[in-house]
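Structure record follows, encoded as structure tokens.
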């Protein structure tokens with residue numbers, strides 16, 4: 001009798017675990033939009049520190065072209081493009097381009113991971129900008145070197161970005 | 001939005017073999033922004049595109065981690081080295097488990 005009960009419990013825990021395993025990935029995928037899964041609200045200096053720690057960030061104005069309008073009429077839709085003058089070979093290429101918006105509550109807007117097959121380190125996107133301020137682009141090379149440029153954008157109607 | 005998740009990919013025509021071309025993609029998606037109430041963010045499951053994967057000839061060439069700071073109907077530009085005629089595919093994932101695909105045929109001159 002006692003042995004029977006144990007077996008039954010085992011069956012139940014097994015079934016529960018199986019059900020959880022089936023339900024979990026789905027539940028996780030559906031819950032990604034909660035604040036806890038978003039980047040934290042922080043000033044841009046803190047974002048840079050969180051992303052790059054104490055690694056030195058060099059001035060990239062010689063190699064990075066950050067294109068943005070001087071005045072953005074609609075902060076909800078601001079075209080940004082970043083081009084880094086760099087070879088894109090397996091030995092030397094731009095691994096990641098980060099776009100950060102200083103005045104947004106969550107400054108990290110997008111992170112573009114590239115491969116040598118891209119041929120050119122170029123990305124573009126439509127940003128939401130909360131307020132007039134700087135937009136930064138940080139390029140991370142495959143060897144870990146960091147280069148940064150920033151440009152100021154005047155936002156007429158805020159995009160209430162987050 | 002009736003066509004949520006439609007992914008359009010645009011590539012230039014007549015690309016020379018081995019040259020670098022630029023493509024654009026447009027994802028029809030509300031890309032919700034974080035709502036604020038009394039100066040604080042409201043916690044709920046916002047629906048926005050958080051990952052975009054670009055593949056060319058079946059191989060992933062770029063991956064973007066995106067956020068609510070991208071505007072409604074996210075649009076991205078990127079480059080690729082056109083080595084062969086074939087498919088350039090863009091797959092977008094959103095925070096509600098949505099997976100959306102769009103593709104364009106790359107034709108070499």
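Annotations for the structure displayed:
- Cα gyration tensor category, rounded, prolate or oblate, for the range A:84-162 with a/c compared to 1.5: prolate
- Rounded to 5, the percent of DSSP beta bridges in the range A:34-162 classed as antiparallel: 85
- Relative packing of peptides B:9-20, B:50-61, B:96-107, A:93-104 - highest average C-beta neighbours within 10 Å first: A:93-104, B:50-61, B:96-107, B:9-20
- Taking B:65, B:38 and counting other C-beta atoms within 10 Å, the order from fewest to most: B:38, B:65
Since every read-out is calculated from the coordinates, none of them should be taken as a lab result. Owing to the predicted nature of the structure, the values given are computational and were not obtained by experimental measurement. FYI the Cβ positions are ideal-geometry reconstructions off the backbone, even for glycines, and counts take in every protein chain you see.
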